[in-house]
Amino acid sequence: MKNINYYPTYEEMLYPEKINKHLRQKAIKALNNDELNTLNLLNLTWKNQNNTVRKIVLPPKLTGVKANIVVLLGKYFPSGSHKVGPAYTTLIEGFVDGNILPDKNTVLSPSTGNFGIGSAYICTLMGYDSIVVMPENVSIERHQIIKKYGGKLELTPSCDSDVILTLQKTYELVKKNPSYRILAQFEIFSNYRFHRYVTGNSAIQAVKNLGNEKIACYCSAPGSGGTLAAGDEIKKVFPKCKIAAVEPYESSTLSTGRRGQHRIEGIGDKMCTLIHNVLNTDFVVCIKDEQAMLGLKIIHDCTKELKKLGIDKDTVQYMKNLFGPSGICNIIAAIKMAKQLNLSAEDNVVTIATDGFDRYGSVLKKLNTQYKHIDTFTIKEWINNIFLQQTQDYIYDFRDNNSKEKLYLQKEKDWIKFGHSKKYLDSMKNMSFWDNEYSQIKEYDKKIKALRQK
C-alpha cells in the first residue's frame with residue numbers, strides 16, 4: 001500500500017467540505033494539474049470546489065417537455081467517470097477487511113469500460129496491480145485509458161453488451177490464480193452503498209431551489225446496478241418518486257427477455273445484476289441504440305441547428321463534451337418519463353451522465369462514416385424524433401408484484417450459476433436486506449478513519 005495520509009470516508013465523498021480545508025484545496029488543484037497524485041482520492045465526489053453538485057438542467061427548447069431534466073455530470077470525477085467512486089469503495093472496504101492486500105493480491109475488474117478505467121486508476125493510486133476483464137470491441141479509447149493508468153487487459157471476444165462473458169472469464173482467472181481478488185461491481189454491495197448514499201443524496205441536493213425541490217422521477221440505466229441504488233435513498237425522501245431502469249431496446253432483458261446486441265456502451269444488459277434492488281423499480285424504459293448514437297452526434301456536432309432552436313450558444317458549446325452514449329440514452333428516457341407522468345414545470349426528473357465525450361471520438365467517427373453528407377432537413381428531423389417529439393413507446397410498468405417476480409426469476413437465472421443460493425436471493429425480496437447492507441456505511445467509515453491513524 002502506498003503511503004497515503006488521507007483515505008476519504010463515505011461521508012466525506014458526499015460532503016467534501018468536511019475534509020481538512022488545506023488538503024481539500026490541494027486536492028482540487030491536483031484534479032486538473034496532477035492526475036496521478038494520490039490527493040485525487042479526495043476528489044471522489046459529485047461536488048465542485050464550491051461544494052455544489054455538478055449538474056446541468058437541460059434547456060426545454062431541447063427536451064420538449066415542461067419538467068426540469070437534471071443531469072448529474074460524471075465526467076468531472078478523477079479518471080473521467082463516476083465509476084471511480086464505487087471502484088474506490090470496493091477496494092478500500094476489501095483492504096480494511098483484510099481481504100485485498102497490495103503486497104499479496106492482484107485486482108481483477110470485470111467491466112464494459114468505465115468501472116475498469118476507474119479501478120485501474122484507483123489501483124495505481126493505492127499501489128495495486130490490476131487486470132481489467134472487458135469486451136474487445138468497445139471504443140479503443142477505453143483500452144488506451146486503462147493502459148495509461150497501468151492496468152492490464154484481458155479481453156473477451158465480444159461487444160460491450162456481453163457482460164456475462166466478462167464475468168465468466170473473471171471467475172475462470174480466479175480459479176487459476178487464488179491470489180487474484182475481484183472488484184465485483186455487479187455483485188458487491190460497496191457499489192450499492194456508494195450510489196445509494198453519495199449519488200442518491202447528491203441527486204436530492206441537486207434539486208434544491210429548482211421547481212418544487214422534489215424529485216418526481218429518477219432514471220438510470222442499470223449498468224452494474226449501482227446507479228439505480230440512488231433511487232432507494234431518493235424514495236426515502238420523496239416516497240412518490242418513480243424509479244425508471246433504462247435498457248437498450250435491442251437487448252431488453254429486463255422488460256422482454258431479449259438478449260440482442262447493441263451499441264450503447266456502458267449501459268449493461270443481458271442480466272438483472274445482483275445489486276439491483278427490484279423492489280424500487282417502477283418502470284423499465286427501452287431506448288433504441290440508433291437514437292442514442294444520433295443524439296450523441298446532435299449534441300456534439302450539430303451546434304448550428306441547436307442554436308437555431310433558441311438555445312444559448314454558451315449552453316450549446318458546454319454540452320458538446322458532457323455526454324457519452326449512455327448519458328444520451330438516460331436523457332431520452334428522462335424525456336419519455338416526463339411525458340409518461342405528465343409532469344409540470346415545477347417537477348424535476350433526475351438522471352445520470354456516467355462519463356463525457358472524451359472516450360467516444362472513435363465511436364462518432366464510425367457513425368460519421370454511416371451518415372455522410374447529412375443535410376439540415378435531416379438534422380432537424382433527428383432533433384424532433386430524438387428530443388423534441390420523443391414518444392412514450394417502450395415504457396413498461398413494473399409496479400405490480402407479478403412484474404417484480406419476473407425480475408427476481410431473471411436474477412435467479414443469472415446468479416445461481418455464479419454461486420449465490422436461492423435462499424440468499426430470496427432474502428433480497430425484503431427491504432430490510434437492502435437497509436442492512438446500507439447501514440454498514442457507518443462501520444466502514446470508522447474503519448477508514450482508523451486506517452488514517454496508522
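What follows is calculated from the coordinates using simple rules that are stated; it is not laboratory data. In this text the structure is predicted, and so the values were computed from the model without any measurement. Quick reminder, even Gly has a Cβ in these numbers, built from the backbone with ideal geometry, and neighbours come from all protein chains shown.
Computed quantities for the displayed model
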| read-out | value |
| --- | --- |
| Violating pairs (Cα-Cα greater than 19 angstrom) within the set Lys208/Lys236; Lys336/Lys372; Lys66/Lys214; Lys242/Lys423 | Lys336/Lys372; Lys242/Lys423 |
| In range of the label at Lys66: residues from segment 333-364 whose backbone nitrogen is under 20 Å from the point 7 Å along Cα→Cβ | 334-350 |
| Per-peptide average of other Cβ atoms within 10 Å, ordering 295-303, 322-330, 401-409, 422-430 highest first | 322-330, 295-303, 401-409, 422-430 |
| Whether the chain is rounded, prolate or oblate, judged on the alpha carbon gyration tensor where a/c under 1.5 counts as rounded | rounded |
| Label-point separation, Lys208 to Lys18 (7 Å along Cα→Cβ), nm | 1.4 |
| Trypsin sites (Lys or Arg not before Pro) restricted to DSSP loop in segment 164-243 with at most 10 other C-beta within 10 Å | Lys208, Lys240 |
| Counted charge near Glu12, where neighbours are those whose Cβ lies closer than 12 Å (Asp, Glu -1; Lys, Arg +1) | +2 |
| Extension gain (nm, one decimal) between Leu388 and Leu36, 0.36 nm per residue minus Cα-Cα | 122.6 nm |
| Anchor Lys413: aspartates and glutamates whose Cα lies under 19 Å away (excluding residues fewer than 8 positions away in-chain) | Asp162, Glu187, Glu247, Asp269, Glu405, Asp426 |
| Burial order of peptide ranges 358-367, 17-26, 133-142, 182-191 (average beta-carbon count within 10 Å, highest first) | 182-191, 133-142, 358-367, 17-26 |
| Eligible aspartates and glutamates near Lys235 by straight Cα distance, threshold 13 Å, same-chain separation 8 or greater | Asp282, Asp435 |
| Inter-label distance, nm, simple model (7 Å from Cα along the C-beta direction), Asp103/Leu364 | 4.7 |
| Sites Lys447 and Asp375 - FRET efficiency at Förster radius 60 Å, r taken between beta-carbons, to 0.05 | 0.50 |
